[in-house]
Amino acid sequence: MNTPLAEVLEGQHAAEMRKASRALLKEPLLLSRGPHADEFRLVRRHAAELRDWFSKNTGWPLQLDTESARLRKIPGAPVDATHPAREASRAAQPFTRRRYVLLCLTLAALERGESQIALGRLAGQVVLDSSDPHLAAAGIEFTLERRDERLDLAAVVRLLLRYGVLRRVAGDEDAYVSGAGDVLYDVERRVLAGLLATRQGPSLVREQGFEERMDRLTAETALESDELRFKAIRHHLTRRLLDDPVLYYDELSDAELAYLTRQRAFLITRITELTGLVAEVRAEGIAMVDPLDDLTDVRMPEQGTHGHVTLLLAEHLASATGPVTTAELQRQVRQLAAEHGSFWAKSAREPGAEPELVEQALAKLTSLGLAARTPAGVVPRPALARYAVGETVVLEAAASRKAPQK
């Protein structure tokens, strides 16, 4: 039978909405040019519906113009440090504190600058701004005379190139790092203006502590009625379900848990309809599983030495009955090296490699919500149980079937 045209169009619309929403969740800043140009056009086509969905369910504004689409995502847990900015390179190393400071100083210099800027001139402005007494009091100082400092600035610039804030006109960052040349960039001011995703301007925040400052930057409007409070809870839970690998019930307040208990089916259905994510509901929490496996920035299991070590340590932690110290995990890695080292990279088998291997494994396990660091040590979280290895069960062979007659 032929499918009615209305059903075909409805299915096509749902597929496009799903593709557009997933594109925004994966890359909250989409440009009209470059590798995500097709996704940008799709988002623009369904802008009204997407803007309405994200506004109602997450409180994230969606802003579009002819050059970019920006979903101003605010994470459900603003102080979560398990998903840092990373180098725009194959190594994808997380940004250090110094690089974060350089990123902020660079954005401030670009905001005040012209539509074109040379890397050398940008570096000079960063050095000038870093002489601020408040930065000096915090131990922040840049001269950009050392190669490692220039490497940090180059990493920041390459991240902004990836975001589309800068467009390289001439030159190369490697030449600047080695002191043999300069680089010229166009500054995409509209993209630059869309980077900031806060409820308050940073210059208006007077709080001193990091968590207090983050709370102020992301503070919602005053919640003076039950309706507004329930709306804020819905936004918070939906953000967590979309952004976090696992939403554990013990991480929620009493009000949030009560709301989730009543509205779980509604929240999950809304997310699944838009994104295609599938809910896995357990006694300890909820995970929105991605059948397409492309909405995560951290994967497990993973090939290679570090992936193998992480999987083996996950198995070890899954069988633990309490906190495990990093020293114990390092001893476990030494034992694992004796058994599995022939499959590992040579550097991982060398004495003293254990701390780095354990640290990389724990970074992945904590970012996926499979383990947590506490003062007493590393604590396995319930979702880690899927990596536990049970006792082998040997089933007796079934009785032989009756031979077929000829």
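The values are calculated or read from the model by the stated rules, or taken from the named source; none is laboratory data. As the structure is a computational prediction, the values presented were derived from the model and not from experiment. We place every Cβ from the backbone using ideal geometry, glycine too, and count neighbours over all the protein chains shown.
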Would you mention how many residues in segment 331-366 are β-branched (V, I, T) and buried (at least 20 other Cβ atoms within 10 Å of the Cβ)?
-> 2
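One line per residue, one yes/no per condition, for (1) among the basic types (K, R); (2) surrounded by 12 or more Cβ atoms within 10 Å (Cβ to Cβ); (3) assigned by TED's automatic domain parsing to the domain that holds P35:
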residue	(1), (2), (3)
R146	yes, no, no
D174	no, yes, no
V177	no, yes, no
D182	no, yes, no
R190	yes, yes, no
G194	no, yes, no
G201	no, no, no
V205	no, yes, no
G209	no, no, no
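Residue-wise test of (1) farther than 22 Å from L217 by Cα; (2) at pLDDT below 95; (3) in the same structural domain as T272 (by TED's automatic domain parsing).
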residue: L9; (1), (2), (3): yes, yes, no
residue: Q12; (1), (2), (3): yes, yes, no
residue: S32; (1), (2), (3): yes, yes, no
residue: R41; (1), (2), (3): yes, no, no
residue: D52; (1), (2), (3): yes, no, no
residue: L62; (1), (2), (3): no, no, no
residue: D65; (1), (2), (3): yes, yes, no
State yes or no: is Y248 at negative phi, in the same structural domain as C104 (by TED's automatic domain parsing) and not basic (K, R)?
-> no
Filter result (closer than 17 Å to G307 by Cβ and either not in a helix (DSSP H, G or I) or not charged (D, E, K, R) (or both)) within segment 341-359 | G341, S342, F343, W344, A345, S347, A348, A353, L357, V358
Enumerate the pairs (first residue in segment 336-360 and without any contact (Cβ under 8 Å) to a residue 24 or more places away in the chain; second residue anywhere and of a type in the set (K, R) and surrounded by 14 or more Cβ atoms within 10 Å (Cβ to Cβ)) with beta-carbon separation below 6 Å, excluding pairs fewer than 6 apart on the same chain, so at least 6 apart or on different chains.
-> A337/R349; G341/R349
Would you mind finding the one in R262, R239 that is of a type in the set (K, R) and surrounded by 13 or more Cβ atoms within 10 Å (Cβ to Cβ)?
-> R239
Please go through segment 20-61 and pick out each residue that is of a type in the set (D, E), more than 26 Å from R189 (Cβ to Cβ) and in contact (Cβ under 8 Å) with a residue 12 or more places away in the chain.
-> E49
Looking at V309, is it assigned by TED's automatic domain parsing to the domain that holds V379, in contact with a helix residue (DSSP H, G or I) (Cβ under 8 Å, 6 or more places away or on another chain) and crowded, with 19+ Cβ neighbours inside 10 Å?
-> yes
Confirm whether R262 is over 20 Å from the mean Cα position of the chain (by Cα), under 17 Å from T58 (Cα atoms) and either assigned to a helix (DSSP H, G or I) or in the same structural domain as A88 (by TED's automatic domain parsing) (or both).
-> no
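Would you say S115 is at pLDDT below 90, over 19 Å from R213 (Cβ atoms) and hydroxyl-bearing (S, T, Y)?
No, not satisfied.
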Cβ pairs under 8 Å, 6+ apart, first in segment 215-232 and modelled with pLDDT of 85 or more, second hydroxyl-bearing (S, T, Y) = L228/T221; F230/Y259
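Got a sec? Which helices (runs of 4 or more DSSP H) wholly within segment 51-138 have at least 3 residues that are surrounded by 14 or more Cβ atoms within 10 Å (Cβ to Cβ), out of contact with any Gly (no Cβ under 7 Å at 6 or more places or on another chain) and not basic (K, R)?
Fully inside segment 51-138 and qualifying: 97-112, 119-129.
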Residue that is nearest to G139 (Cα to Cα) [pool: residues in segment 87-106 that are charged (D, E, K, R) and out of contact with any helix residue (DSSP H, G or I) (no Cβ under 8 Å at 6 or more places or on another chain)] = R97
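Sort out which residues of segment 155-164 are in contact with a Phe, Trp or Tyr (Cβ under 9 Å, 6 or more places away or on another chain) and crowded, with 20+ Cβ neighbours inside 10 Å, and write them in order of number.
Scanning segment 155-164 gives A155, V156, V157, L159, L160.
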The lone exception for A338 - which of (1) of a type outside the set (S, T, Y); (2) under 23 Å from T296 (Cα atoms); (3) part of a helix (DSSP H, G or I) it fails = (2)
Pairs under 6 Å by beta carbon, first residue farther than 21 Å from V183 by Cα and in the same structural domain as R147 (by TED's automatic domain parsing) in segment 123-134, partner among the aromatic types (F, W, Y) and surrounded by 13 or more Cβ atoms within 10 Å (Cβ to Cβ), six or more apart or different chains?
-> S130/F142
Residues being part of a helix (DSSP H, G or I) and surrounded by 13 or more Cβ atoms within 10 Å (Cβ to Cβ) - total across segment 316-330 = 7
Picking from R72, R121, the residue that is out of contact with any helix residue (DSSP H, G or I) (no Cβ under 8 Å at 6 or more places or on another chain), among the charged types (D, E, K, R) and either within 25 Å of F40 (Cβ to Cβ) or modelled with pLDDT under 90 (or both) would be R72
